Every structure is written in C-alpha cells, then in structure tokens.
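**Student:** This is the structure I want to talk about, given as structure tokens.
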Amino acid sequence: MAIPPLEIPSFEHPAALAGPPIDWPGLARLLVVRPDNLGDVLMTGPALAALRAAAPNARIDLLAGPAGATAGPLLPELDGVLVGQVSWQRLEPQPGGGPPDRALVDELRARDYTAAVILTSFSQSPWPAGYVCQLAGIPVRAGLSKEFGGAGLTHWVPAPDDGMHQVDRSLYLLDRLGVAPVPPTLHAAVPATARAAARTVLARQGLSAGDPYAVLLPGASCPSRRYPADRFRAVALDLARSGLPVVVCGSASERELARVVSGQDEPGVVTAAGELDVPGLAAVLAGAAVVVANNSGGAHLADAVGTPVVVLFAGTELVDQYQPRSVPAVVLRVPTGCTPCRQLRCPFELPCLDVPPSEVAAAARQLADRRH
C-alpha cells in the first residue's frame with residue numbers, strides 16, 4: 001500500500017501582519033515611499049490608484065528621488081511629492097559622522113503622516129525607510145520583505161517570489177493589507193500645458209499635428225542598459241528612409257548622445273533632447289506612432305501614455321519583472337549566461353544587446369503600422 005506524501009502546511013513568521021487591520025478610509029495623511037528612478041515611480045501608478053480608492057479622504061504624498069519625482073505631475077492620485085536623497089538608495093558611503101536622514105525625519109514628523117506604505121523592488125529592503133518613518137512618529141508603516149526586521153514596520157508582509165513583475169509586487173502588498181485590487185496597467189495624465197509645449201517643439205522640427213512619427217530614446221540610467229549609439233543611429237536612418245520621421249529625445253544631459261544618434265542634416269531625423277521636461281516628453285510620446293527605448297524610464301513612460309514600444313532590454317534585469325504590459329510591445333534581447341548581472345557597466349561588450357538595427361527597425365514599423 002502506497003503511503004501518501006506528507007502535506008506540510010505553509011506557515012508565515014508570527015510577526016507577519018501582526019498589526020491590526022488598517023483603517024484605510026479613516027486615514028488623513030498617507031505617505032508612499034519609492035525613492036527610485038522615473039520608471040520605478042511610473043510603475044507605482046496602479047498601487048497609487050488602489051490607495052486613492054481605499055483612502056478617498058487622505059492626502060497622498062510620494063517620497064521620491066530627484067529622477068522619480070519628475071513623474072509626479074503625471075500621477076493624478078498624488079497631492080504632493082517630497083524629493084529626498086535618502087541614505088538607503090546611495091551607491092557610495094555617505095561622508096560625515098552624523099546620523100543620516102536626520103533632516104528627512106524632521107520633515108516627515110512636521111507633516112504628521114498617519115500611515116506610510118513603502119514600495120520596493122525584490123532586491124530592496126523596506127526596513128531603513130520603515131525605521132526613518134518610525135523615528136518620524138508615523139504610526140502605521142507597511143512594506144514587503146523576505147526577512148523580519150523588528151519594529152520598523154507595523155505591518156510586515158512576507159515578500160512574494162522575486163520574479164513577480166514590479167507592478168504586481170506593489171499590488172500584492174496592498175492586497176495583503178486589505179486594499180481592493182485594481183487593473184495592473186500603467187497610466188499618466190498629461191497636463192494641457194505639457195501638450196502645448198510638445199506641439200511647439202514638434203512644429204519647430206517640421207512636424208504638424210497628426211503627422212505620424214517615431215520617437216527614439218537612446219538614454220538610460222547606466223551604460224550597461226544602453227543600446228549602442230551607432231546602432232540607434234542605424235535604426236533612425238532605417239525608419240526615416242522608409243517614410244517614418246524620427247524624433248530623438250532625451251534629457252539635457254543626453255544632448256550629445258542624441259546628436260550622435262540623429263546625425264547631421266539627415267532628412268527625416270531630428271532631435272529634441274533637452275527641450276522638454278518629463279510631462280512634455282510624455283506628450284511627445286503620446287502622439288507618436290511608436291517608441292524605441294532601452295529598458296529605462298522612457299519605456300515605462302511610453303507604456304503609461306498608451307504608445308506601442310520596442311524595448312532593447314539589457315541583461316541587467318529579468319524581463320518578466322519590468323516588461324511593458326499595458327500596450328503592444330516588442331522586447332528585444334540576446335540571452336546570455338551572465339543575465340541578470342545587475343551591473344552599471346558591462347565588463348564585456350554588451351552581448352545581451354547584440355541585436356541587429358534592421359531587426360529593431362522592423363519591429364518598430366510593425367507596431368507603428370498596427371497603431372495607424
């Protein structure tokens with residue numbers, strides 16, 4: 001007689017979700033913590049929508065880093081944005097012997113928040129942020145973590161599988177905290193002033209309202225995520241010669257990169273790098289037929305405004321954690337044994353981005369044709 005396998009129940013740590021249920025409708029001032037880059041903040045959009053529905057009377061503020069804070073005007077659920085260079089997001093040791101984040105603690109205490117929701121990626125810990133919020137006197141502090149970290153969080157939720165998409169990760173946290181689910185799609189409300197600024201910039205480049213065009217975003221937060229500039233240039237020329245005008249965009253610090261990609265006096269290829277803030281860039285992307293971007297904030301911005309996107313996805317991360325899911329998208333990469341490397345600079349020659357420009361341009365044309 002066969003002995004059936006022993007079924008062992010799954011237990012969670014006794015400190016998990018030990019706090020009382022959160023009275024979401026009763027919250028007066030809610031802080032959402034996500035001091036990361038632009039794309040990370042955009043991926044909090046569904047969680048912010050869920051929180052706004054759960055706490056309709058609360059003031060909701062976002063604590064973000066300088067780059068992520070630029071997404072604030074696009075997220076209608078937010079009432080305000082605090083910009084902070086927090087110690088737990090620094091790559092280098094902080095100079096000086098005093099306690100870090102002291103000014104932040106004072107500011108949070110002065111704002112008298114009633115709850116803080118700390119959103120993290122799979123590799124980040126909520127405990128430093130939880131401790132800062134504890135010092136600031138915020139009574140309810142919630143976050144996800146693989147490890148127990150003491151009293152820094154009043155509502156500790158054990159983390160799900162590392163491979164979960166970042167949008168789903170935030171919604172999982174809220175679900176465990178009693179917040180009703182919402183669709184896991186990105187969104188952005190582009191201000192009318194940003195749309196007007198975008199029309200002005202495009203008109204200066206010879207594009208009228210309604211003209212189809214592609215946007216290329218060759219920048220990224222670190223070199224290991226950047227498809228080579230000469231290959232981006234080849235994509236731009238391919239698209240332009242096939243009849244689809246190309247606008248190369250980026251930040252002010254990416255002007256030289258955009259100049260290399262756009263070239264000199266090439267018909268059908270123009271650059272608008274450094275001419276628009278993030279809401280203005282969102283407006284330009286919203287009017288595009290297709291966007292070609294690295295795995296960066298620009299890809300998530302295209303996703304949020306509803307424009308199809310080709311993503312050149314470096315091997316620094318796992319695709320399933322960050323890929324666009326709200327719009328038609330093509331993700332291009334070369335599988336490598338070193339993926340995911342998490343490196344800022346590739347020690348090799350970016351084999352994970354060894355994608356022929358002709359393949360990139362073909363994917364962009366296909367998405368553009370579907371959109372129009």
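**Student:** Regarding LEU144, is this residue in contact with a strand residue (DSSP E or B) (Cβ under 7 Å, 6 or more places away or on another chain) and assigned to a helix (DSSP H, G or I)?
**Tutor:** Spelling it out, it is not the case that LEU144 is in contact with a strand residue (DSSP E or B) (Cβ under 7 Å, 6 or more places away or on another chain) and assigned to a helix (DSSP H, G or I).
**Student:** Kindly state which helices (runs of 4 or more DSSP H) lie completely within the stretch 1-80 and contain at least 2 residues that are in the same structural domain as LEU281 (by TED's automatic domain parsing) and either modelled with pLDDT of 95 or more or in contact with a Phe, Trp or Tyr (Cβ under 6 Å, 6 or more places away or on another chain) (or both).
**Tutor:** none
**Student:** For the stretch 184-211, how many residues are out of contact with any helix residue (DSSP H, G or I) (no Cβ under 7 Å at 6 or more places or on another chain) and part of a loop (DSSP other than H, G, I, E, B)?
**Tutor:** Matching residues across the stretch 184-211 total 6.
**Student:** Among VAL261, VAL215, which is the only one that is over 25 Å from GLN343 (Cα atoms), in contact with a helix residue (DSSP H, G or I) (Cβ under 7 Å, 6 or more places away or on another chain) and not basic (Lys, Arg)?
**Tutor:** Going through VAL261, VAL215 in turn, the sole match is VAL215.
**Student:** Within the stretch 164-171, is even one residue under 13 Å from ALA47 (Cβ atoms) and either free of Cβ contacts under 8 Å to residues at least 40 places away in the same chain or charged (D, E, K, R) (or both)?
**Tutor:** Yes; the residues of the stretch 164-171 include at least one that is under 13 Å from ALA47 (Cβ atoms) and either free of Cβ contacts under 8 Å to residues at least 40 places away in the same chain or charged (D, E, K, R) (or both).
**Student:** Residue check, LEU237 against (1) assigned to a helix (DSSP H, G or I); (2) among the hydrophobic types (A, V, I, L, M, F, W, C); (3) in contact with a Phe, Trp or Tyr (Cβ under 6 Å, 6 or more places away or on another chain), all met but one. Which one?
**Tutor:** With respect to (1) assigned to a helix (DSSP H, G or I); (2) among the hydrophobic types (A, V, I, L, M, F, W, C); (3) in contact with a Phe, Trp or Tyr (Cβ under 6 Å, 6 or more places away or on another chain), LEU237 is out only on (3).
**Student:** Something else about it: Checking PRO160 against (1) touching a strand residue (DSSP E or B) at 6+ places or on another chain (Cβ under 8 Å); (2) modelled with pLDDT of 95 or more, only one condition comes out false. Which one?
**Tutor:** Single failed check for PRO160: (2).
For (1) surrounded by fewer than 22 Cβ atoms within 10 Å (Cβ to Cβ); (2) among the β-branched types (Val, Ile, Thr); (3) within 22 Å of ARG255 (Cβ to Cβ); (4) touching a Phe, Trp or Tyr at 6+ places or on another chain (Cβ under 8 Å), each residue gets a yes or a no:
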| residue | (1), (2), (3), (4) |
| --- | --- |
| GLY268 | yes, no, yes, no |
| ALA288 | no, no, yes, yes |
| VAL309 | no, yes, no, no |
| GLN323 | yes, no, no, yes |
| SER326 | yes, no, no, no |
| ARG333 | yes, no, no, yes |
| CYS338 | yes, no, no, yes |
| ARG342 | yes, no, no, no |
| PHE348 | yes, no, no, no |
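**Student:** Tell me the residue from ASP40, ASP61, ASP106, ASP112 that is surrounded by fewer than 19 Cβ atoms within 10 Å (Cβ to Cβ) and in contact (Cβ under 8 Å) with a residue 40 or more places away in the chain, please.
**Tutor:** Testing whether each residue is surrounded by fewer than 19 Cβ atoms within 10 Å (Cβ to Cβ) and in contact (Cβ under 8 Å) with a residue 40 or more places away in the chain leaves just ASP112.
**Student:** Can I ask one more? Just checking: which of the strands (runs of 3 or more DSSP E) contained wholly in the stretch 276-372 hold 1 or more residues that are touching a Lys or Arg at 6+ places or on another chain (Cβ under 9 Å)?
**Tutor:** 290-294, 309-312
**Student:** Also, I was wondering about something else. Just need a number here: residues in the stretch 149-158 that are in a loop (DSSP other than H, G, I, E, B) and either of a type in the set (Gly, Ala, Ser) or touching a residue at least 40 places away in the same chain (Cβ under 8 Å) (or both).
**Tutor:** 2
**Student:** Mind counting the residues in the stretch 311-321 that are crowded, with 19+ Cβ neighbours inside 10 Å and out of contact with any helix residue (DSSP H, G or I) (no Cβ under 8 Å at 6 or more places or on another chain)?
**Tutor:** 1
**Student:** Which condition does ALA282 not pass, out of (1) among the hydrophobic types (A, V, I, L, M, F, W, C); (2) surrounded by 22 or more Cβ atoms within 10 Å (Cβ to Cβ); (3) more than 16 Å from the chain's Cα centre (by Cα), if it passes all the others?
**Tutor:** Against the list (1) among the hydrophobic types (A, V, I, L, M, F, W, C); (2) surrounded by 22 or more Cβ atoms within 10 Å (Cβ to Cβ); (3) more than 16 Å from the chain's Cα centre (by Cα), ALA282 comes up short only on (3).
**Student:** Also: Just the residues that are touching a residue at least 40 places away in the same chain (Cβ under 8 Å), out of contact with any helix residue (DSSP H, G or I) (no Cβ under 9 Å at 6 or more places or on another chain) and farther than 23 Å from THR316 by Cα, please, taken from the stretch 326-372.
**Tutor:** Residues satisfying the conditions are LEU367, ARG370, ARG371, HIS372.
**Student:** Quick one: which of ASP175, ASP161 is among the charged types (D, E, K, R), without any contact (Cβ under 8 Å) to a residue 24 or more places away in the chain and assigned to a helix (DSSP H, G or I)?
**Tutor:** Of ASP175, ASP161, the one residue that is among the charged types (D, E, K, R), without any contact (Cβ under 8 Å) to a residue 24 or more places away in the chain and assigned to a helix (DSSP H, G or I) is ASP175.
**Student:** Please give the number of the condition ALA129 fails out of (1) at pLDDT 95 or above; (2) not in a helix (DSSP H, G or I).
**Tutor:** Failing condition for ALA129: (2).
**Student:** Hey, could you check the stretch 115-124 for residues that are surrounded by fewer than 19 Cβ atoms within 10 Å (Cβ to Cβ) and polar (S, T, N, Q) and say which is farthest from LEU78 (Cα to Cα)?
**Tutor:** SER123
The values are calculated or read from the model by the stated rules, or taken from the named source; none is laboratory data. What you are looking at is a predicted structure, and each value in this text was computed from that prediction instead of being measured. So basically every Cβ, Gly included, is an ideal-geometry build from the backbone, and we count neighbours across all protein chains shown.
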